[in-house]
Amino acid sequence: MSDQPELHWDLPSPFTQQIRVSPEDTDRLGHANNVVYLRWLEEVSWAHIESLGMTWALHEQTGKAMAITRTEIDYLASANAGDVLELGTWLTDFDGRFRSARQFQLIRKSDGKTLVRALSTHACVDMKSQRPSRMPPEFKRILASVLVEGGRGLDG
């Protein structure tokens, strides 16, 4: 039997990644720096889509990528050096053409407390021109396969 509490996720079946907060992740206040949270969100996003087959090789093959257009983060409590965290993510919206939204929840494993909730929105871009572009069929198929109902979407 585990001494750690059950984690209560906002949505079912998140893709998760465990994080141990290092001293290098902290700022002068002694808690994880806001820039570090952004890095963690990006890392779990890449791990999630790559696990689904949306690899960098596929991005290069299609010449398309999903670029972040907005990130909204609610810092609810601080993470400190040595904390073990579980970061969950879900694809919560997808317009089938250009845009998608991804939701995040960061939980401290020792007490089950949610530290952060975040939402990022993404737009498909042509990798050469950096201009908006329709998603290739491969992206549409992958994103549609993992869409979770009930989360926050493109309109916040």
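The values are calculated or read from the model by the stated rules, or taken from the named source; none is laboratory data. This is a predicted model, so every value here is computed, not measured. All Cβ positions, glycine included, derive from the backbone under ideal geometry; neighbour counts span all protein chains shown. What goes into the accessible areas is simple: the full protein's heavy atoms, side chains included, and nothing from ligands, DNA or RNA. Shrake-Rupley method; radii C 1.70, N 1.55, O 1.52, S 1.80 Å.
Of note:
- Options Arg99, Arg131; residue that is over 18 Å from Leu11 (Cβ atoms) and surrounded by 13 or more Cβ atoms within 10 Å (Cβ to Cβ): Arg99
- Single residue of the range 59-96 satisfying the filter (out of contact with any strand residue (DSSP E or B) (no Cβ under 9 Å at 6 or more places or on another chain) and part of a helix (DSSP H, G or I)) that is least open to solvent (accessible area, probe 1.4 Å): Thr62
- The set of residues in the range 63-85 being under 12 Å from the mean Cα position of the chain (by Cα) and over 22 Å from Pro136 (Cα atoms) consists of Thr71, Glu72, Ile73.
- Within the range 102-128, the residues that satisfy the criterion of being open to solvent by 10 Å² or more (accessible area, probe 1.4 Å) and aliphatic (A, V, I, L, M) are Ala123, Val125, Met127.
- Check on Trp56, within 12 Å of the chain's Cα centre (by Cα) and aromatic (Phe, Trp, Tyr): no
- Output for the range 125-143, where each listed residue is among the acidic types (Asp, Glu) and outside any helix (DSSP H, G or I): Asp126
- Residue ID - nearest to Asp83 (Cα to Cα), chosen from residues in the range 16-53 that are hydroxyl-bearing (Ser, Thr, Tyr) and more than 15 Å from the chain's Cα centre (by Cα): Ser22
- Hits in the range 134-145 - residues which are hydrophobic (A, V, I, L, M, F, W, C) and open to solvent by less than 30 Å² (accessible area, probe 1.4 Å): Met135, Phe139, Ile142, Leu143
- Restricting the range 11-56 to residues that are out of contact with any strand residue (DSSP E or B) (no Cβ under 6 Å at 6 or more places or on another chain), of a type in the set (Asp, Glu) and part of a helix (DSSP H, G or I), the residue that is nearest to Glu138 (Cα to Cα): Glu50
- Inside the range 11-26, residues that are closer than 27 Å to Val146 by Cα, open to solvent by less than 60 Å² (accessible area, probe 1.4 Å) and not aromatic (Phe, Trp, Tyr) make up a count of 5.
- Count - residues of the range 27-58 that are open to solvent by 60 Å² or more (accessible area, probe 1.4 Å), among the hydroxyl-bearing types (Ser, Thr, Tyr) and without any contact (Cβ under 8 Å) to a residue 12 or more places away in the chain: 0
- Looking across Val21, Val84, one residue alone is modelled with pLDDT of 95 or more, of a type in the set (A, V, I, L, M, F, W, C) and in contact with an Asp or Glu (Cβ under 8 Å, 6 or more places away or on another chain). It is Val21.
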